[in-house]
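The structure appears right after this line, and notes come after that.
The values are calculated or read from the model by the stated rules, or taken from the named source; none is laboratory data. This is a predicted model, so every value here is computed, not measured. Accessible surface is based on the protein model in full, side chains and every heavy atom, while ligands, DNA and RNA are left aside. Shrake-Rupley method; radii C 1.70, N 1.55, O 1.52, S 1.80 Å.
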Amino acid sequence: MNEQNDVSTLQRENQQLREEKVTVEMEKEVIFNHYEELLKRYETLSALSQYMAKELSEIAPRYEALNKSKLTKVTRKYWELRRKLRRK
């Protein structure tokens, strides 16, 4: 009788371990899928970041030149108006 109880206990424990193994495998799969999704997002963001940096490096010099040009025009206008006002 005692041996039969031991066998039955071992069978129950074995079944529980199988169920836990299945659960762990399912959790691993979920974690792996989540990791894959995060990796794809990271790669997309990284590519986008590199693209934006490239775009900014191309735009920045033109923007600076435009600002300098506008500043020069405004400064020139200021001095012209100031000279005109002084003459009057």
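Points to keep in mind about this one:
- For region 29-74, a tally of residues being of a type in the set (S, T, N, Q) and open to solvent by 100 Å² or more (accessible area, probe 1.4 Å) returns 1.
- Exactly one residue out of Q11, Q15, Q4 is modelled with pLDDT of 90 or more, open to solvent by 100 Å² or more (accessible area, probe 1.4 Å), in a helix (DSSP H, G or I) and polar (S, T, N, Q): that is Q11.
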